[in-house]
Amino acid sequence: MDVNETAPPGKTASPDAGPEPYSAEWWQGRTAAELRDIIKRGFGMGQAFDGAVVESERRAREATRRLRDQVEAADRRRGTMRLLGLGAILVILVAILVYTWLAFSPRFA
């Protein structure tokens, strides 16, 4: 069974049994240290080596995707805050302009 395959629908496991060895669920249950140990043993491990490499790569892609999403969210927040700050400055300048125009205009003095 490959890492990306799931168990066929006709196959039912007992509720107390763990996932089938080398299935996607089984690989996801392995810790990073276990995967590293399997990879260190090398090609002689056969299917276990291939599965460990695939699972490690999947986890690395997920971690990279999470980091990119965090950076994008921070950039969006920074842009929003910058826009709000510039808007506040514009409102203050318009208020000063209106006050100055009303206070020093000959018609209203």
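The values are calculated or read from the model by the stated rules, or taken from the named source; none is laboratory data. What you see is a predicted model; the values in this text were computed from it and never measured. Heads up, the Cβs are rebuilt from the backbone with ideal geometry, glycines too, and the neighbour counts pull from every protein chain shown.
Some notes on this structure:
- A Cβ distance below 8 Å, combined with a sequence gap of six or more or placement on separate chains, defines the contacts here; from region 41-55, residues that are buried (at least 17 other Cβ atoms within 10 Å of the Cβ) reach residues that are assigned to a loop (DSSP other than H, G, I, E, B) and among the aliphatic types (A, V, I, L, M) in the pairs GLY51/VAL3; GLU55/VAL3.
- Taken over region 32-80, the residue count meeting the criterion of being at pLDDT below 85 and not small (Gly, Ala, Ser) is 13.
- Test: THR6 is β-branched (Val, Ile, Thr), at pLDDT 80 or above and surrounded by fewer than 14 Cβ atoms within 10 Å (Cβ to Cβ): no
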